[in-house]
Structure formats: C-alpha cells, structure tokens
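Just below is one structure, and these are the notes that go with it.
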Amino acid sequence: MSAIRKIGQIRHYLDKDTTAKLINAFVTTRLDFCNSLLFGIPEYQLAKFQRVQNIAARLLSGVPRREHITPILRQLHWLPIKYRILFKILMITYESTQGMAPTFISQLLTEYRPTRPLRSSSEHFLDASTKLHTQFYGGRSFRIVAANEWNRLPREIRFASSTNIFKSKLKTFLFHECYS
C-alpha cells in the first residue's frame, strides 16, 4: 500500500505510460506473487486484495473514488483478483501438462483415463477424483482446483499449441467470463 501512496504523491509529475510502468512494477507484481495460494479464501479477505487493485486502477486512470471501478478495470484489461488467481493456477496447470513445470507439481496432476471407452477420453481432462482427508481444505488443494478448473476450460484452450496462445486465449476466456 505504501508503494501506491508514493506513486500517488508523484503522479502529477508523471505521464500515464510511466505511471502504468510504476504500478506494474510495484503493485501488480506484489498482487500476483504467490496469489495461487489464495484460492478459496473467504470473500472478505479477497476483498482486501481487490481494494488494492482498485486503488491502483483509479490512480492510473485518474478517475474519482465515487465512480464505478468495473468499467475502469475493463478498459485497462485487468482481471479482478479472483480471476487473476484462476489465471495463475491454470497457467501452472498448462505448464505441467506440457512438461514445462517442475516434477513435484507435474506429479500432482494425472490425466483422466476412463475405465471404458468414452468420447471424453480424448478431451485431455485431468483426474479430479482424489480422496480428500478434509472436505474444507482438501477441496482447496492444487490437485483438485487445477483439475476442476482445467476440465471447465473449452477444448480449444486446453489444446493450445504454445504458451503464448494458451495465455492469450485463457485471458480472453476469463475476461469474458468476469465482465459479461
């Protein structure tokens, strides 16, 4: 929060491009650092992170506090925090399925293999049927969340040929999901 305050103090000396670079360097990178661990936290705790992103968006756009933030976030092409967390989890999942993630993460995910021939056997789904030790925390584990969110993606996103294509299609998908 102190980074936003300091940027706000010198904002009138900066152009919009420089302000965007400073916000990206000092605010959004901190919001994105290890944010996949935040999946499933209560809404009131997630709202604290969203408030920081909203303040950064207002600072960048110069919009007063009383105006709605959703159009500003849409104009800046920023995903809300909840969707940024999903984006990070799905990026790690894609890298894992492509063999680009560390082995300790890749070992958490297994491809779904039905016991009999089904049409869905060629869909590149992940197995989400793991016995949970605790219902509350077990459902928040990376293995379960990654498989469920991966299986929810459209086929053309799951079968993307490169990381850049996957990233672009995923952000577009999440963008439409949260703003429509």
Condition broken by Glu67, with the remaining ones in (1) within 22 Å of Cys178 (Cα to Cα); (2) part of a helix (DSSP H, G or I) satisfied: (2)
Unique match (being part of a helix (DSSP H, G or I), hydroxyl-bearing (Ser, Thr, Tyr) and open to solvent by 70 Å² or more (accessible area, probe 1.4 Å)) among Tyr44, Tyr83: Tyr44
Residue in segment 16-35 that is touching a Lys or Arg at 6+ places or on another chain (Cβ under 6 Å) and within 30 Å of His124 (Cβ to Cβ) present: yes
Condition check for Ile81: in contact (Cβ under 8 Å) with a residue 12 or more places away in the chain and either aliphatic (A, V, I, L, M) or at positive phi (or both): yes
Meets criteria (touching a helix residue (DSSP H, G or I) at 6+ places or on another chain (Cβ under 9 Å), surrounded by fewer than 13 Cβ atoms within 10 Å (Cβ to Cβ) and modelled with pLDDT of 85 or more) for Pro102: yes
Odd one out for Ala25, checked against (1) in a helix (DSSP H, G or I); (2) closer than 19 Å to Phe175 by Cβ: (2)
Within segment 12-28, considering residues that are under 26 Å from the mean Cα position of the chain (by Cα) and over 25 Å from Lys48 (Cβ atoms), the one most open to solvent (accessible area, probe 1.4 Å): Lys16
Breaking point among (1) open to solvent by 40 Å² or more (accessible area, probe 1.4 Å); (2) at pLDDT below 95; (3) within 19 Å of Val145 (Cα to Cα); (4) of a type outside the set (Ser, Thr, Tyr), for Gln9: (3)
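The values are calculated or read from the model by the stated rules, or taken from the named source; none is laboratory data. None of these values were measured; they are calculated from a predicted model. Neighbour counts are summed over all protein chains in view; Cβ atoms, including those assigned to glycine, are modelled from backbone coordinates with ideal geometry. Remember, those area values only see protein heavy atoms, side chains included, never the ligands or the DNA or RNA. Shrake-Rupley method; radii C 1.70, N 1.55, O 1.52, S 1.80 Å.
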